[in-house]
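Below is one structure, written out as structure tokens; comments come after it.
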Amino acid sequence: MNGGSDGGVGRDSLPWLVSGFGALSFAAVLFQWLWFASTLDTAAYALGFVTVGVPALSLIWGGYHLERSAVDPARYDRVVAWCFGSGAAFLAINVLVIAFFPWYGLAGNLAWAHFALNTGAGAGFVVGYVEARAIQREVEATAAAVRAEQLADERELLTYLNDLLRHEVLNSAQIIGGHASLLREEVDDPDDRLETIERESDALTDVIDDVRAMLNANQDLETAAVVDLSDLLTDELASLRRQFDDLEIETSIPEAVFVEGNEGISWIFANVLENAIEHDDGDAPRVAVTVETRLETVAVRVADDGPGIPADTRETLFEPKSTNHGLGLYLARILAKRYGGDVELTETGPDGSVFTVTLSRASADGTDEPTDRERATNGERVANGERSADGPSVETAANADSRSDSDARDETAENTETAERATGRDADPDSSDPATGSS
């Protein structure tokens, strides 16, 4: 039995309205038989039962069946509209015919009108029910296809996580164990051993953080919170300024831009931004972040002034890498897709590359429609970590250091630590070590 739908008690009771109409119609048949008993013969009773009584009984059963069928209660109103709409239309046509070509006597004309009403309502019910079932099957098929795609993605993700944990975690654990053993035997120069142990420990933490980010994003998005993307990007950029001394950042970020997701969104931009900075071979890397709000999505462009991406690596740019710890752009795309978005390489060349992150837009209260405040502030900018309408700004790390530490939010600490570990890892990417022979 269907119940408890979003439509409430009123919508759930619509099938009983159909059954009630059928019962009332059959009661009217009995009343007509009693009222015109003196003028009716056996053939009239039989004809009336077949042409009027049977459709009325069919409506009683139809409402009962609809309430217990697999049709979603949200589509009950379509079935009922077809039922009563067709009944009224067929009755109107036949009343017009009766007006010009009446049958014999009042009893015959009433039976004719009653027949038109019941037959039209019954036919409309059948059409509405078949249509509702077709829609239901299409919705279920679409949901099944989406679920199958999700399961395939999850299997692929779990397979990769399994390989990642078996290779990266085991490899780092072996290196740490080997150096710890050597440290016990060789106490003359422990600094090199301790640095290796620290580096591998940080790499293990990076792997765990990446896995946790993917698991968080894999949660049911119906329970995901609405994230203020403007604040999140401001925090990420503040974290990068503290890590890279000569970094220049240009920003164009409207105020109060909300997207659907949870804390995993911060990992998307942490990976994309770090990728842009770490592959810049200049003395003073430069990154431009631009946010564009659209009707249903938000697009964030991250541009750098690096050497560009070689053509032979573009096709595998977002594939998992097994040569180093961390997941990089692969993780960024996986997370973005979990939130209904994507990460794409939109431009690349000798003057730099542009990555575009697309996310589903939401308003501050979690609805899909943008708020008036969002529309009003769409042209505002972010400069030096503060909202401004003066246009994009360029800020060096030296200028940023003069700001009060209170401008940085407490929640950026974890992102800062993750980026610092990733930087330290990239400084010495060779995981091979003579202590264990692992690589």
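Quick look at the values:
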{"item": "Residue match in the range 32-45 (condition: at pLDDT 80 or above and either assigned to a helix (DSSP H, G or I) or in the same structural domain as Val130 (by TED's automatic domain parsing) (or both))", "result": "yes"}
{"item": "Qualifying position, being among the hydrophobic types (A, V, I, L, M, F, W, C), assigned to a helix (DSSP H, G or I) and either modelled with pLDDT of 75 or more or within 28 Å of the chain's Cα centre (by Cα) (or both), among Leu170, Leu232", "result": "Leu232"}
{"item": "Enumerated helices (runs of 4 or more DSSP H) restricted to the range 235-354, each holding at least 1 residues that are modelled with pLDDT of 90 or more and either charged (D, E, K, R) or surrounded by fewer than 16 Cβ atoms within 10 Å (Cβ to Cβ) (or both)", "result": "none"}
{"item": "Only one of Trp112, Trp103 that is in the same structural domain as Phe26 (by TED's automatic domain parsing), more than 54 Å from the chain's Cα centre (by Cα), under 19 Å from Gly22 (Cα atoms) and modelled with pLDDT under 85", "result": "Trp112"}
{"item": "Test: residue in the range 139-148 that is among the polar types (S, T, N, Q), touching a residue at least 40 places away in the same chain (Cβ under 8 Å), part of a helix (DSSP H, G or I) and within 26 Å of Val79 (Cα to Cα)", "result": "no"}
{"item": "Unmet requirement for Gly20, which otherwise passes all of (1) under 43 Å from the mean Cα position of the chain (by Cα); (2) modelled with pLDDT under 75; (3) surrounded by fewer than 17 Cβ atoms within 10 Å (Cβ to Cβ); (4) in a helix (DSSP H, G or I)", "result": "(2)"}
{"item": "Candidates Ala116, Ala121, Ala70 - the one that is surrounded by fewer than 18 Cβ atoms within 10 Å (Cβ to Cβ) and in contact (Cβ under 8 Å) with a residue 12 or more places away in the chain", "result": "Ala70"}
{"item": "Members of the range 69-95 found to be among the polar types (S, T, N, Q) and closer than 9 Å to Gly120 by Cβ, listed by number", "result": "Ser86, Asn94"}
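The values are calculated or read from the model by the stated rules, or taken from the named source; none is laboratory data. Quick caveat: nothing in here was measured; it's all calculated off a predicted structure. Positions of Cβ are generated from backbone atoms using ideal geometry, with glycine treated the same way; all protein chains shown enter the neighbour counts.
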